[in-house]
Structure formats: C-alpha cells, structure tokens
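So the structure is just underneath, and the comments pick up after that.
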C-alpha cells in the first residue's frame, strides 16, 4: 500500500500559505493542494482536521475576518458544532495553511512549522 499523500489546505493569496508551500517544495515535497476556499471541507472533514491538529474549533478560527464579527462567533456560548458549521459555510474563517500527514496536521504559522510533520 502506498503512503497517504500529504494534503495542503492552501490559499494562494495568502503570503504565509505561499511561503510554506515554497518551503515544502524546496525540501522536495509536493503535497496534494486543497483549494479550501473553492471547495470548503465538509463538517466531518473539519472534525477530522481538528482531531489531527489536536485543537478545539475556536482555536482554528480566524478572528480578524469580517464573518467572525458579523456571525457573532465571539459568543462563548456557541458550541463546537456551531463553530464547525460556520467554518464550513465560510471557509475564510479557517486558519491557514494546514498541512496534513496521515493522522497528524500542523498550521503553517510560521511557515517553517510545516516541516515538523514531514517523515
């Protein structure tokens, strides 16, 4: 069985996302690119990502986005399901970039963090 390809949740307009991808390529790694803004991850996929990242949904939210404010996502009474649903409906809310290697994942901030989970 061949190894699971690396998956890279990428926003080409984000300088950190571009920098981390360049770093991966400089290390001879060509991940499967996931254009998550065009094809948002399902709620199930977001739950799997959160498990791989070992983080709660609130930690994956981009709090500076307009949607964060307009949807009232700073409300501490919102449960994880509501936050995941918001990220699915508004993928700009998802922190980026994310590199997934099997059952491990890391947010590439700073970009060098993507190197932490390469085998």
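Please verify whether segment 35-55 includes one or more residues that are touching a strand residue (DSSP E or B) at 6+ places or on another chain (Cβ under 6 Å) and within 16 Å of residue 110 (Cα to Cα). Looking for residues that are touching a strand residue (DSSP E or B) at 6+ places or on another chain (Cβ under 6 Å) and within 16 Å of residue 110 (Cα to Cα), one finds at least one in segment 35-55, hence yes.
Mind checking whether some residue in segment 61-83 is within 21 Å of residue 7 (Cβ to Cβ), in contact (Cβ under 8 Å) with a residue 40 or more places away in the chain and not in a loop (DSSP other than H, G, I, E, B)?
Residues of segment 61-83 that are within 21 Å of residue 7 (Cβ to Cβ), as a first pass: 61-62.
Now restrict to residues that are in contact (Cβ under 8 Å) with a residue 40 or more places away in the chain: none.
No: zero hits.
If you go through segment 92-103 and keep only what is surrounded by fewer than 20 Cβ atoms within 10 Å (Cβ to Cβ), under 13 Å from the mean Cα position of the chain (by Cα) and touching a residue at least 40 places away in the same chain (Cβ under 8 Å), you end up with just 92. Entry remark, segment 1-39: residues being touching a helix residue (DSSP H, G or I) at 6+ places or on another chain (Cβ under 7 Å), crowded, with 18+ Cβ neighbours inside 10 Å and either free of Cβ contacts under 8 Å to residues at least 60 places away in the same chain or assigned to a loop (DSSP other than H, G, I, E, B) (or both) number 4 in total.
Bear in mind that the values in this text are calculations on the coordinates, not laboratory data. As the structure is a computational prediction, the values presented were derived from the model and not from experiment. Cβ atoms come from the backbone with ideal geometry, glycine included; neighbour counts cover every protein chain shown.
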